[in-house]
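Computed from the coordinates by the stated procedures, all read-outs in this text should not be read as laboratory data. All figures in this text were calculated on a predicted structure; none of them were measured in a lab. Note: ideal-geometry Cβ built from the backbone for every residue, glycine included; neighbour counts use all protein chains shown.
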Amino acid sequence: MKKYLLAAGAAATSAVAAAALAAPASAAPAPSVSTAASAVSIAASAAAPVADVRTVRQGQRVDAGGGHTLWLTREGKHWTGPDGFEQFRSVVDGNLDLTRPALSHQGEGTFHSGIYGGPEAPGRVDVTDAEGRVTRATLLQLPGRPGWGVWYAHTAPSDRDVSVAFRGRDGRLLVELPATDS
């Protein structure tokens, strides 16, 4: 099943914002964290260090694992899955408002990817499954920080959807796509 979601703005519930602000600035968890309580998961995620953003050349193919390949052009994100079918998500068609934090999500089984963007330097993208496991996404962007980039991650198999959170370099939640019932 393929899912395509889009969010823009920094809309977050006050509980999520409070949990993120109350997070201790101590030791960071490993890139994949498993917790039972979602508030603990959110607080731990907010305290984690920022991800490195890998700069790639326009059209450079990146092996994203599991038979998935990604590449970026000035027009947007391109990818293929194990089926070899090429797909595209535009950053120039007006669907993403890059004047504020923006996030999209395309899910194909256990492979998740999308576009992040906006005026702030990216910190990280976290993918959280229904069991509360957090997977840190890999971030890619073109040279010169064009105001957007691509993220991807592999998660454990689940029959439920994931939520995706885009955070700034200071760990602050910029935008979130909540899980939806499948």
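Computed values, structure above
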read-out	value
Euclidean distance between Cα centres, the stretch 123-182 to the stretch 49-78, Å	15
Amide H within-cut-off set for ALA64, under 5 Å, with H built and near neighbours excluded	THR69, LEU70
Dipole in debye (nearest 20) - the stretch 44-182, about Cα centre, beta carbon charges: Lys, Arg +1; Asp, Glu -1	640
Packing-based ranking, highest mean first, of 142-149, 76-83, 126-133 given that Cβ atoms within 10 Å are counted	126-133, 76-83, 142-149
3J(HN,Hα) from dihedral phi, the stretch 154-163, Karplus parametrisation 6.51/-1.76/1.60, rounded to Hz, x for glycine, proline	10, 10, 5, x, 7, 8, 10, 6, 10, 9
Cβ crowding within 10 Å averaged over residues, with 166-175, 111-120 ranked highest first	111-120, 166-175
